[in-house]
Each structure stands twice: as structure tokens, then as C-alpha cells.
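Working notes, beginning with the structure itself.
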Amino acid sequence: MSIVKLGTRVRREQIAQAALALIASKGVNGLNMAGLARRVGLGASSLYRHFESKDQVLDAVIDLLRERLLRNVKIAIQEAANPLEQLGRLLALHMRLILEYQALPRLFFSGDLYAGHPERKAKLYGIVKTYLGKVAEVIRQGQEKGTIRLDLDPDAVSVVFLGLIQPTAILWHLSDGEFNVGKQIERAWSLFHEAVRVR
């Protein structure tokens with residue numbers, strides 16, 4: 001029986017996903033190369049062929065999150081007909097991402113991730129700013145099409161949109177999954193939609 005050898009890019013993504021799972025259960029400080037190698041089913045030497053250090057793994061995790069966030073924006077725009085529907089779809093996709101990658105709230109709010117690494121903190125901030133910029137662009141398109149109120153500042157509304165997600169994610173994380181994410185997002189979306197739509 002032959003062993004399937006995964007390509008470097010696929011293997012690196014698999015390792016980053018395994019690192020996210022370890023961070024979800026043990027935190028950033030609980031992530032180590034030996035535990036990561038075991039989780040992925042690699043020998044330590046094989047893992048080090050892909051990543052030389054824990055810092056490189058954490059950078060790959062951040063890259064993975066950036067790719068997923070921005071891909072969600074593209075999917076929402078493709079799947080929904082108008083900007084308001086696109087925002088609703090994006091909200092659902094974002095929450096699905098958090099449920100899939102339970103480490104997200106822990107990762108973004110952990111000083112351990114960027115302690116002593118100002119460049120990593122700046123990178124995370126850049127990812128959030130890029131995401132907010134994409135959301136603001138959808139809002140501007142809604143204003144141009146007459147579905148979102150013209151008196152609203154798109155940049156401010158994009159931050160409010162993000163605010164629908166983060167507290168929900170934190171409560172879900174703190175409650176070990178007991179907090180009803182679906183119900184909260186449905187209520188939050190209803191409030192947001194009513195506040196920004198053109199009547």
C-alpha cells in the first residue's frame with residue numbers, strides 16, 4: 001500500500017489548522033512543536049521541514065485566518081443579490097468560521113500571540129482593517145443602489161457590523177459553547193438590518 005504524500009502548501013495548511021485546534025484547547029502558550037507534530041501525525045523532523053519554529057506556525061495561522069475571512073467576503077458577494085443580503089450572508093459565514101475555528105476569539109484577544117512581536121500585532125490589525133474596508137465597500141454599494149441609508153458613514157457601520165460578531169463569539173467561547181450563537185446572530189442581524197436599511 002502506497003503512502004499519499006501531500007504537497008507542501010496543503011501540508012502547511014493542515015499544520016496551521018491543527019495549530020488552531022490546539023490553541024482552542026490549550027491557548028497560545030500551550031502550543032508547542034512536539035504536540036503539534038503528534039496532532040498532525042508527523043515526526044518532529046518532518047514538521048520542522050515545513051516550519052522552523054512556533055513563531056512561523058503562528059504566522060501561518062494568521063495567514064490562514066486572513067485567507068478565510070477574505071474568501072468569505074467573496075462568497076457572500078457572489079451568493080447574494082444585493083448589498084444588504086450580502087452583509088447578512090457574510091455575517092452567517094463569519095459565525096460559521098468562528099464555530100469551525102474555535103480558537104479565533106482566544107487568538108485575537110490573547111496578548112500572548114503578539115507579546116514581543118509588534119509586527120504580528122500590526123499584521124492582525126491590518127487583517128481587521130482590510131476586512132472592515134471590504135464591509136464598508138459593500139455598504140457603499142448599498143447606498144449607491146438605494147438600499148442602505150445615505151446618512152450613515154460606511155466606515156462606522158462596518159465597525160458596528162463587526163460588533164455583531166465579536167461579543168457573540170466571546171460569550172460562546174466563555175460559556176464553552178452553551179451560548180446560543182444562532183439565536184443571538186438572528187436577533188442582532190434583525191436590529192442591524194432595521195437600523196441601516198432605507199425605509
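The values are calculated or read from the model by the stated rules, or taken from the named source; none is laboratory data. Everything quoted here is computed from the prediction, not taken from an experiment. Note that we place each Cβ from the backbone using ideal geometry, even for glycine, and neighbour counts take in every protein chain shown.
Brief remarks follow.
- Of the numbered criteria (1) assigned to a loop (DSSP other than H, G, I, E, B); (2) closer than 20 Å to residue 193 by Cβ, the one residue 138 fails is (1).
- Residue match in segment 27-40 (condition: out of contact with any strand residue (DSSP E or B) (no Cβ under 9 Å at 6 or more places or on another chain), touching a residue at least 60 places away in the same chain (Cβ under 8 Å), crowded, with 18+ Cβ neighbours inside 10 Å and in a helix (DSSP H, G or I)): yes
- Search result, residues across segment 154-179 that are among the polar types (S, T, N, Q) and either within 14 Å of the chain's Cα centre (by Cα) or modelled with pLDDT under 90 (or both): 166, 168, 175
Residue by residue, here is whether (1) among the β-branched types (Val, Ile, Thr); (2) within 17 Å of residue 133 (Cβ to Cβ); (3) touching a His at 6+ places or on another chain (Cβ under 7 Å) holds:
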{"position": "61", "(1), (2), (3)": "yes, no, no"}
{"position": "74", "(1), (2), (3)": "no, yes, no"}
{"position": "81", "(1), (2), (3)": "no, no, no"}
{"position": "85", "(1), (2), (3)": "no, no, no"}
{"position": "94", "(1), (2), (3)": "no, yes, no"}
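- Residue in segment 142-160 that is exposed (fewer than 15 other Cβ atoms within 10 Å of the Cβ), within 22 Å of residue 62 (Cα to Cα) and either of a type outside the set (Gly, Ala, Ser) or in contact (Cβ under 8 Å) with a residue 40 or more places away in the chain (or both) present: yes
- Near pairs, Cβ below 7 angstrom, 6+ apart or cross-chain, from segment 63-78 (within 19 Å of residue 51 (Cβ to Cβ)) to any residue that is surrounded by 14 or more Cβ atoms within 10 Å (Cβ to Cβ) and among the charged types (D, E, K, R): 64/13
- Pairs, first touching a residue at least 60 places away in the same chain (Cβ under 8 Å) and farther than 10 Å from residue 158 by Cβ in segment 119-133, second surrounded by 17 or more Cβ atoms within 10 Å (Cβ to Cβ) and of a type in the set (Asp, Glu), C-beta under 9 Å, six or more apart: 120/59; 123/59
- Count of segment 164-183 residues which are assigned to a loop (DSSP other than H, G, I, E, B) and in contact with a helix residue (DSSP H, G or I) (Cβ under 7 Å, 6 or more places away or on another chain): 1
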